[in-house]
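The values are calculated or read from the model by the stated rules, or taken from the named source; none is laboratory data. This one's a predicted model, so the numbers in the text were calculated from it and none came from an experiment. In this analysis, Cβ positions are derived from the backbone assuming ideal geometry, glycine residues included, and neighbour counts consider all displayed protein chains. These accessible areas exclude ligands, DNA and RNA; they are computed on the full protein's heavy atoms, side chains included. Shrake-Rupley method; radii C 1.70, N 1.55, O 1.52, S 1.80 Å.
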Amino acid sequence: MILNHKTSIGRVAARRAGAALLLAGVAIATPAAAQTAPAAASHSATNPSPAVLAAFPMNDEIRTKVRAMRGLALSPDGKSVLASITDTTAEGGLPHLWLLAQGAKPRQLTFTRSGDRGGEASGQFSPDGKSVLFLAGRDSVRSLFRLPLAGGEPERLQITKTQAGEVTGVWGGALKKDNVVSPGGYAFSPDGRYLALWGEDPEDPAIKARKERKDDGYNHEEPESHTFLYMVDFTTGATRPVKLDGKFASVSWSYDSADMIVTTDPRSDLTGPDSSFWQVNPDTLAATKLDLPKTAGGVTFLPGRKRLVYTNQCLEDSPPRCNDLYVKDLATGQAKNLTPGFDGDIPENYTVLPSGDLALAIPTHMRTRLATLSTTTGAVTWHDFGLPVAGSLVTNGKLSAWAFIGTGPTDPSTVFLTPKWGAKPVTLDAPALMPSTWAKVPSKLVTWQNEGLTIEGMLYMPPNIAPGTKVPLILSIHGGPAGRFQDDYSAAIQMLVAEGWAVMQPNIRGSTGYGAKFLGANKNDLGGADFRDIMAGVDMLIKDYPVDESKMALIGYSYGGEMAGFVVGKTDRFKAIVSGAPVINQFSEYGTERGTFYDRWYYGRPWDHFADVWRQSPISTVMNAKTPFLLLQGEEDVTDPLGQSLEMWRALKQYGAPVALIVYPREGHGETGGSFRSLVSQEPWHGIDLRRRMFGFLRAALAGEPDPLAIARKDVPTP
């Protein structure tokens with residue numbers, strides 16, 4: 001159910017509509033045209049009718065025809081790829097495993113049984129290539145399974161742990177539901193002998209009994225469940241616990257399978273990153289602590305085992321998650337920064353090549369490019385393949401082939417395979433992720449200057465604009481602040497442009513992919529120069545493109561929603577503003593969100609810097625707000641909690657500003673954000689409802705309706 005704050009609770013869905021808009025030769029149905037004109041009539045955004053703003057067929061197709069690809073694995077022979085592909089929202093939105101190969105039709109390998117939830121995730125090939133492994137919940141127990149590719153039922157790895165700490169593991173056998181370790185993930189050693197598996201311990205019987213009698217108070221500082229690491233013999237399933245000081249965080253195998261690097265971290269929100277790193281022998285489980293910075297990541301040995309490579313916090317003042325790449329000489333103890341001032345974003349995920357260099361995908365500006373990075377000089381060699389964005393880069397234990405997902409503004413996610421690193425790849429057939437009939441509008445890179453920085457954006461213009469015609473503009477702001485837009489395929493963008501609107505996605509200061517200086521340029525200045533970056537971009541578009549200055553709107557989610565809150569209090573140039581899961585009051589956000597260390601870099605502890613933190617809270621200028629404002633919020637959001645949207649809704653109401661707040665039960669930050677971005681959802685109607693309300697609101701506002709929020713407030717029953 002969807003809660004329209006202060007109105008009613010109801011089930012909702014989009015209605016289907018008639019007539020069509022011709023966009024780049026593709027028919028896109030629009031409800032207003034169905035009642036006022038034949039198929040070739042002008043678009044509904046120019047003359048909407050509130051009674052029919054509730055539905056548009058592309059919204060329904062998001063629910064019924066759109067799937068998503070979430071990850072890849074490569075077979076030992078380098079010829080087959082395992083892809084995790086979700087069902088459509090209408091089919092449950094669950095991930096399943098598909099087998100892809102050159103010259104072969106895609107084949108679905110796993111299916112969710114009736115009564116089971118969650119789908120199948122974390123797919124990998126077995127070292128001999130005869131089976132695939134995956135995590136799934138079956139019979140109310142989450143386990144690791146292996147499925148023979150030749151046919152047959154999947155076999156369960158059952159790991160149990162007694163209160164005394166005794167651990168057993170075995171493949172198959174009668175199902176056990178007591179004292180079961182619930183796996184969260186696993187990683188094969190390159191030689192295939194072992195699995196490093198991590199998971200939650202069985203619930204303590206005393207705690208379980210307390211919960212059953214509702215004596216379930218708990219100490220907030222000490223969670224009652226922890227994740228632990230285990231070493232599993234892949235052949236027999238025999239399992240041993242890996243005992244280390246601290247809480248398990250991550251594991252990575254060395255290139256030669258001789259050992260693995262395990263990271264432990266208390267994950268204390270009070271102190272920030274405090275990682276320890278352990279070199280663990282898989283045979284004996286003996287552990288040696290490594291001397292590395294507490295903010296390091298991606299730690300692994302280079303060939304010859306005389307050097308370690310790792311990421312560490314950028315030298316320049318910048319928020320957490322900004323990385324430089326280091327190589328440490330183990331003989332001398334000296335560490336060298338290979339990437340000072342790098343114009344991009346160094347990831348923690350990379351593969352060590354036999355040469356000692358790294359294979360990785362590097363975000364840089366609006367692109368994510370495949371690259372080889374020298375661990376001697378830091379030099380980067382780019383490997384372009386025809387599309388601007390690469391992701392999910394994988395190889396096998398022998399590095400005999402590589403697979404990745406590529407995408408571009410007019411190209412939905414495509415699987416690529418190459419037998420040699422850096423060589424030209426081929427594409428593999430996969431299930432269709434998007435309707436083939438959808439228009440695909442290209443992007444255009446635009447740049448402008450503001451306060452000493454060059455700002456980039458991707459502009460999408462409706463095709464076939466008549467000479468002398470100006471079109472409405474939608475500004476879309478990304479999350480973060482340390483996030484970014486990239487030049488990939490976006491269903492949400494295609495839907496917005498199908499309305500006849502121009503869309504611009506700017507990477508304002510504070511975005512990733514532009515180096516540490518750019519990333520840190522909004523320190524103690526949220527809602528300041530970043531806001532002015534947006535407005536300078538608007539002025540550039542009005543000057544250089546056929547944009548209608550009188551018909552502009554701004555939308556954003558998370559930090560984008562926060563920026564929407566700043567915009568409504570600082571300018572009345574927009575006709576409509578949509579704010580998803582915003583930060584509105586930095587004080588209450590800091591005190592109630594899950595995790596504050598990231599926010600602390602921007603302005604410190606709020607109570608130590610009252611004036612600065614209030615200045616950087618959108619609610620501080622809410623008394624100036626006049627623009628119609630739509631809030632969209634997941635009820636279970638712990639990243640930007642519901643209270644933030646409630647504060648904004650209440651303040652705008654009391655100042656008499658037009659506002660509506662729509663709340664989605666059972667959803668957290670990612671779930672509502674996915675609906676905002678027109679992605680697959682496991683909620684059957686939330687996404688379609690969110691887009692119905694948002695698009696109806698935007699249409700009405702840009703058409704000058706006296707109460708554009710009326711359609712957003714209206715709960716429409718499911719047909």
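General remarks:
- Rounded percent of accessible protein surface that carbon and sulfur make up, the stretch 255-298, 1.4 Å probe: 50
- Ordered from highest to lowest accessible area with the whole protein assembly present and a 1.4 Å probe, MET623, MET648, MET540 read as MET623, MET540, MET648.
- Pairwise label distance in nanometres, THR227 with ASP77, each label 7 Å out on the Cα-Cβ vector: 3.5
- For the chain, share of DSSP beta bridges that run antiparallel, in % to the nearest 5: 85
- When the stretch 589-710 is described by a simple charge dipole with +1 on each Lys and Arg Cβ and -1 on each Asp and Glu Cβ, the residue from PRO708, TYR603, SER617 located farthest towards its positive end is PRO708.
- Estimated FRET transfer efficiency when R0 is 30 angstrom, pair THR284-ALA101 (beta carbons, to 0.05): 0.15
- Residues in the stretch 373-435 average 42 Å² of solvent-accessible surface per residue, probe 1.4 Å, ligands and nucleic acids excluded.
- The protection proxy used here, the mean number of other Cβ atoms lying within 10 Å of each residue, ranks peptides 369-375, 379-385 as follows, highest first: 369-375, 379-385.
- In the chain, a dipole from Cβ-located charges (positive for Lys and Arg, negative for Asp and Glu) runs towards its positive end, and of TYR310, TYR194, ILE405 it is ILE405 whose Cα lies farthest in that direction.
- Normalised by residue number, the volume inside the convex hull of the Cα atoms of the stretch 551-639 is 88 Å³ per residue.
- Whole-angstrom Cα spans of the stretch 125-246 along principal axes, big to small: 50, 33, 22
- Translational diffusion of the stretch 573-719, µm² s⁻¹ [Kirkwood Rh, Cα pairs; Stokes-Einstein; 37 °C; 0.692 mPa s]: 203
- Pairs of Cα atoms in the chain fall into 10 Å distance bins, from 0 up to the last occupied one, in shares of 3, 13, 23, 26, 21, 11, 3, 0 percent.
- Spin-label pair LYS398/THR592, simplified geometry with 7 Å Cα→Cβ offset, distance in nm: 5.7
- Computed from Cα positions, the angle between helix 559-570 and the longest principal axis of the chain comes to roughly 30 degrees.
- The stretch 478-544: C-alpha gyration tensor shape, a/c 1.5 cut-off, then a/b vs b/c: oblate
- Compactness of the stretch 624-673 - radius of gyration and Dmax, Cα, Å: 11.3, 33
- Computed on the chain, with alpha-carbon pairs under 8 angstrom and 6+ residues apart, the relative contact order is 13 percent.
- Fraction of antiparallel bridges per DSSP, the stretch 346-415 only, in percent to nearest 5: 95
- Put the Cα centre of the stretch 372-407 next to the Cα centre of the stretch 556-595 and the gap is 37 Å.
- Pairs of Cα atoms farther than 17 Å apart, the stretch 69-139, %: 41
- Rg [Å, one decimal], Dmax [Å, integer] - the stretch 58-205, C-alpha atoms: 16.6, 57
- Order of exposure, largest accessible area first, which applies to ILE619, ILE85 with probe 1.4 Å: ILE619, ILE85
- Principal semi-axes of the equivalent ellipsoid, √(5λ) from the alpha carbon gyration tensor of the stretch 141-180, are 24, 9, 7 Å from largest down.
- A viscosity of 1.002 mPa s and a temperature of 20 °C, combined with the Kirkwood radius over C-alpha pairs in the Stokes-Einstein formula, give the stretch 272-377 a diffusion coefficient of 146 µm²/s.
- Among beta bridges identified by DSSP and lying wholly in the stretch 570-719, the antiparallel ones come to about 0 percent.
- Normalised by residue number, the volume inside the convex hull of the Cα atoms of the stretch 527-590 is 79 Å³ per residue.
- D_trans [Stokes-Einstein, Kirkwood Rh over alpha-carbon pairs] for the stretch 320-433, 10 °C, 1.306 mPa s, µm² s⁻¹: 104
- The stretch 259-347, accessible area per residue, ligands and nucleic acids excluded (1.4 Å, Å²): 45
- Restricting the calculation to Cα atoms, the stretch 176-268 shows an Rg/Rh of 1.05 when the hydrodynamic-style radius is the Kirkwood one.
- With the charge dipole of the chain set up from +1 on Lys and Arg Cβ and -1 on Asp and Glu Cβ about the Cα centre, the Cα lying farthest toward the positive end among the listed residues PRO546, LEU646, ILE662 is that of PRO546.
- Tilt relative to the chain, helix 642-654 - C-alpha long axis, 0 to 90 degrees, to 10: 10
- Summarising the label geometry, the points placed 7 Å from Cα in the beta-carbon direction at ALA258 and LYS211 lie 4.4 nm from one another.
- For the stretch 110-181: rounded, prolate or oblate by the Cα gyration tensor [a/c cutoff 1.5]: oblate
- Surface accessible to a 1.4 Å probe, per residue, for the residues of the stretch 80-167, Å²: 44
- For the chain, size of Cβ-based charge dipole, Lys and Arg +1, Asp and Glu -1, in debye: 1300
- Computed from the Cβ-Cβ distance with R0 of 60 Å, the FRET efficiency linking ASN337 to THR236 stands at 0.85.
- Here the stretch 473-568 has 47 percent of its accessible surface on carbon and sulfur atoms, given a 1.4 Å probe and all protein chains in place.
- Of all accessible heavy-atom area on the stretch 103-217, the percent that carbon and sulfur account for (1.4 Å): 48
- Helix 686-702 and the long axis of the chain differ in direction by around 30°, with both axes built from C-alpha atoms.
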